[in-house]
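Notes follow once the structure below has been shown.
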Amino acid sequence: GTPDGLRVYPASAPPLVICGQNVAGYLAVPCWDGADLQTIQFIPPAGGDKLNLPGASFGVGFFSVGEISGRVHICEGIGQAWACYAVTGSAAVVCFGAGRMMTVAKVLCDKFPSAALVVVPDRGKEEQAEKIAAAVAGQWIAMPADKPSNYDANDYAQEFGTGALAALLERTSAPPMRY
């Protein structure tokens, strides 16, 4: 992915310990509400648990990969957002978890009413994605049914290639319209 707006917590900085873990070398992903920093998520370089600043709230914040206009992919994490942006050139936002996708989708709907919102959930969260899409007059993507729970767009790109992910992201579903 692109490092725009991201940092790595340097090993030379004073130790920052969260849940007993020094986050030196972790990728730091900021969560913004407009110009206001809400919190930071720290992602370990070799996998493992993501850590958030203690006592800080995500609020209605998110992190955007790319400029928001036109189509916007709503993703759980940074890996998904990078993958979606890389193959489409359309903005992708990091919600910092599936439980925050509805909140972020509603914020995007209010702030960017002309944007086409596309929810890109992990495998197993299609029902949630359809509800979110219905709430914001958006669309959603489904990962292949034969993939395990939590399989996401980044996993898909790594397994099948970026061209296949681009094609998958074009196969959107829309909730039924009620008149």
Shape verdict for region 15-63, please, from the Cα gyration tensor: rounded (a/c under 1.5), prolate (a/b greater than b/c) or oblate. prolate
For the chain, with only Lys/Arg (+1) and Asp/Glu (-1) charged at the beta-carbon, what is the dipole magnitude about the Cα centre, in debye rounded to 20? 220
Roughly what angle does helix 78-88 make with the longest principal axis of the chain, taking Cα atoms, 0 to 90 degrees, to the nearest 10? 50
Under 19 Å by backbone N from the virtual spin label 7 Å along Cα-to-Cβ at S69, the residues of region 90-130 are 90-93, 108-118
Just to be sure I understand: if I project the alpha-carbon convex hull of the chain onto a plane and average over all orientations, what area do I get in nm²? 10.9
Just the number, please: carbon plus sulfur as a percent of the accessible area of region 105-179, 1.4 Å probe, no ligands or DNA/RNA counted. 51
For region 1-94, which whole percent of the accessible surface, found with a 1.4 angstrom probe, sits on carbon and sulfur atoms? 55
So if each residue of separation counts as 0.36 nm, and I subtract the Cα-Cα distance between A35 and K147, what length gain in nm does that give? 36.5 nm
Where does the chain land at 222 nm, in deg cm²/dmol rounded to the nearest 500, when only DSSP H runs of n ≥ 4 count, each adding -39500 (n - 2.57), divided by all residues? -8000 deg cm²/dmol
For the chain, longest principal axis from Cα atoms; helix 126-135 axis from its Cα atoms; angle between them, nearest 10 degrees, is 80
Give the accessible surface of region 95-179 per residue, rounded to a whole number of Å², with probe radius 1.4 Å and ligands, DNA and RNA excluded. 53
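The values are calculated or read from the model by the stated rules, or taken from the named source; none is laboratory data. Treat the numbers as computed from the prediction; the structure is a model and nothing was measured. Neighbour counts are summed over all protein chains in view; Cβ atoms, including those assigned to glycine, are modelled from backbone coordinates with ideal geometry. In case anyone asks, the SASA skips ligands and DNA or RNA and just uses the protein heavy atoms, side chains included. Shrake-Rupley method; radii C 1.70, N 1.55, O 1.52, S 1.80 Å.
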